[in-house]
Amino acid sequence: MLADNEINRVLVVTAHPDDADFGAAGTVALFGDRGVEVTYLLVTDGDAGGNERTLDNTGMAELRRAEQTAAAKAVGVTDVRFLGHADGSVVPSLALRKDIARVIRQVRPDLVITHHPDRNYQFVAPSHPDHRAVGGSTLDAVYPDARNPYAFPELVKDEGLDAWTVREVWLMGGSTPNHWMDVTEAFDRKLAALQSHVSQVGHVEGFADFVKTRFAAWAEQAGFGEGHYAEGFQTVTTG
Ligand SMILES: [Zn+2]
């Protein structure tokens, strides 16, 4: 695994607004505290999210972009990018891999954080089809696309984006986490980030308690003890 001082730039690739906040915002806040530059890349605007029954999602994409931008700010992230793919219809594709590879070459991260591409049979939510598609395409963009100059050669020829090798990937939402981050110190900021998604969680009664219970349980699983909160990842060496 990369040592702390080998992680200077991080790219977090997720399907929807709020995914990064559930999975990694505490870790992101701690990275920011020690000067790591973090970029968020969102594949969709989350325009199919919400609890309205009118099926009129006019303005939803704009609203959710604004909510994600505020959530990012709560954990110190100001570089937030959106690819604008359609929420609910993301599939693994060359087009998506190219879009992600482009941003990897622009940002040149040491570490990428994204969704686990495999179905989690313990919980359904982490395995949304968009999540699995984004996780798989991001791993494909890490290897081989971003590092191989012959993959999408127009990225070099037309956009001047040289190949880049990402050294490590951390996967969120899998059933076999092997790396736990104690995010207790940043938990207030993680909660604030989550609560920035007003259209998604504003109506959920007891939301803060739900979040605390969930991440305290992981801290217990990680062996961090009482009063701690943890985020969990499966690490993949890709260097
Ligand atoms: Zn999601």
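With a 10 Å cut-off between alpha carbons and a GNM built on the chain, which of 209, 45, 118 moves the most?
It is 209.
Please compute the modelled spin-label separation between residue 237 and residue 210, points set 7 Å along Cα→Cβ, answer in nm with one decimal.
The answer from the label model is 3.9 nm.
Could you calculate the contour length gain from residue 79 to residue 122, that is, 0.36 nm times the residue separation minus the distance between their Cα atoms, to one decimal place in nm?
12.2 nm
Provide the per-residue ³J(HN,Hα) series for segment 10-19, in order, calculated from phi with Karplus coefficients 6.51, -1.76, 1.60 and θ = phi - 60°, each as a whole number of Hz, with x at glycine and proline positions.
Coupling constants for segment 10-19: 10, 10, 10, 10, 10, 7, 10, x, 5, 4 Hz.
Per residue, how large is the accessible surface of segment 1-47? Use a 1.4 angstrom probe and give square angstrom.
Per residue, segment 1-47 has an accessible area of 28 Å².
What accessible area per residue comes out for segment 89-160, rounded to a whole number of Å², with a 1.4 Å probe?
Value for segment 89-160: 47 Å² per residue.
If you roll a 1.4 Å probe over the chain with all protein chains in place, what percent of the accessible area is carbon or sulfur?
It is 50 percent, rounded to a whole number.
Rank 221, 68, 195 by mean-square fluctuation in a GNM of the chain with C-alpha springs under 10 angstrom and give only the top-ranked residue.
Highest fluctuation among the options: 221.
Grab the DSSP H runs of the chain that are 4 residues or longer, score each as -39,500 (n - 2.57), total them, divide by all residues and round the 222 nm result to the nearest 500 deg cm²/dmol.
-10500 deg cm²/dmol
Where in segment 26-46 does the amide nitrogen come within less than 13 Å of the point 7 Å from the Cα of residue 4, taken along Cα to Cβ?
Residues 30-36 fall inside that zone.
Mind listing the phi-derived Karplus ³J(HN,Hα) values for segment 133-138, rounded to whole Hz, using 6.51, -1.76 and 1.60 with θ = phi - 60°, and x for any glycine or proline?
5, 5, x, x, 5, 5
Within the chain, how many Lys pairs sit with Cα atoms under 26 Å apart, leaving out pairs fewer than 8 places apart on the same chain?
Lysine pair count for the chain: 4.
Specify the residue with the greatest mean-square fluctuation among 72, 193, 151, computed from a Gaussian network of the chain linking alpha-carbon atoms under 10 Å apart.
With Cα springs under 10 Å in the chain, the top fluctuation among 72, 193, 151 is at 151.
With a cut-off of 8 Å between alpha carbons and a minimum separation of six or more residues, what is the relative contact order of segment 127-205 in percent?
19 percent
Need one number: convex hull volume per residue for the chain, Cα atoms only, in Å³.
119 Å³
If amide hydrogens are placed 1.01 Å from N in the peptide plane, which non-local residues have theirs closer than 5 Å to the one on residue 46?
87
So, counting K/R as plus one and D/E as minus one, what does the shell of residues with Cβ under 13 Å around residue 26 add up to?
Residues near residue 26 contribute -2 overall.
The values are calculated or read from the model by the stated rules, or taken from the named source; none is laboratory data. Everything quoted here is computed from the prediction, not taken from an experiment. Positions of Cβ are backbone-derived with ideal geometry, glycine not excepted, and every protein chain shown enters the neighbour counts. Side chains included, ligands, DNA and RNA excluded: accessible areas come from the protein's heavy atoms. Shrake-Rupley method; radii C 1.70, N 1.55, O 1.52, S 1.80 Å.
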